[in-house]
Amino acid sequence: MIPAFDFADSSKYAPIPPRSRERFAHPRPASSVLGEAVHTRDGRELVLRMIEPGDVAAMQRCFARLSPQDIRRRFLHAMSELPAPMAQRLCRIDPAIETAYVLMDESVTPAEMRGVGRIYVDEAANSAEFSVLVEQDWARIGLGALLMQRLVDDSRRRGLAELWGYVLQENRPMLELCKELGFTQRLMLDEPGTAQIALRL
């Protein structure tokens, strides 16, 4: 039996940030029909939209700005680059079984990808695996929470029973965020340092 993880001792983790509704004002429509504008607490604006096949170059530039720690937390192993075929696959989703949101910074040219959140649906299990990544300079201002909430909402619209993912135990911000959203956690005995977190929908 895999033991349940005890969240009772919150002293191990960084303080929980304000809830999503406190981080963001009500989004206003973006000038582009492709997404909506969201504002961070420090006044920066990003456009939240679905990922597109044309986002390959922006995704590769985003990857190049990630620290080795960020890469390991997202992919669970070290990677020195994001190969073009992999980036193309990540940007060309099958909407029947995938959803992927990106946060685009249109204040620069070309527009830069600052965050991405996605789910992969396992139809047989009626569940989906999620992943979320936010660029380091844009972390801790609520963007991960925004992406996670959209993924939860999308999973519920699909009628799925569960949303789950793997998180390194060292990734305390993600563990705290998922705790805030109601996820439970269990340790992976065959993968030391890794936890599976899950939300019943």
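The values are calculated or read from the model by the stated rules, or taken from the named source; none is laboratory data. Here the structure is a predicted model, which means the values were calculated and not measured. Because the Cβ atoms are built from the backbone with ideal geometry, glycine has one as well, and the counts that use them run over all protein chains shown. Protein only, heavy atoms only, side chains kept; ligands, DNA and RNA dropped before computing areas. Shrake-Rupley method; radii C 1.70, N 1.55, O 1.52, S 1.80 Å.
The packing ranking, built from the mean of other Cβ atoms within 10 Å per residue, places the peptides 48-59, 167-178 in the order 167-178, 48-59, highest first. The distance linking the range 38-61 with the range 110-158 is 12 Å (Cα centroid to Cα centroid, whole angstrom).
Among the protein heavy atoms of the range 50-201, carbon and sulfur supply 51% of the accessible surface, probe 1.4 Å, non-protein parts ignored.
Neighbours of Ser127, meaning other residues whose beta-carbon lies under 14 angstrom from its beta-carbon, give a summed charge of -3 when Lys and Arg score +1 and Asp and Glu score -1. Taking label positions 7 Å along the Cα-Cβ direction at both Val108 and Arg172, the computed distance is 2.9 nm, reported to one decimal.
Computed from label points 7 Å out along Cα-Cβ, the spacing between Glu180 and Leu201 is 2.2 nm. Shown is the FRET efficiency for His39 and Glu191, computed with R0 = 45 Å from the Cβ-Cβ distance and rounded to the nearest 0.05: 0.75. Here the 3J(HN,Hα) profile of the range 185-195, calculated from phi with Karplus coefficients 6.51, -1.76 and 1.60 at θ = phi - 60°, is 9, 9, 6, 9, 5, 8, 9, x, x, 10, 10 Hz, Gly and Pro shown as x. At a probe radius of 1.4 angstrom, the accessible area of the range 53-184 per residue rounds to 45 square angstrom.
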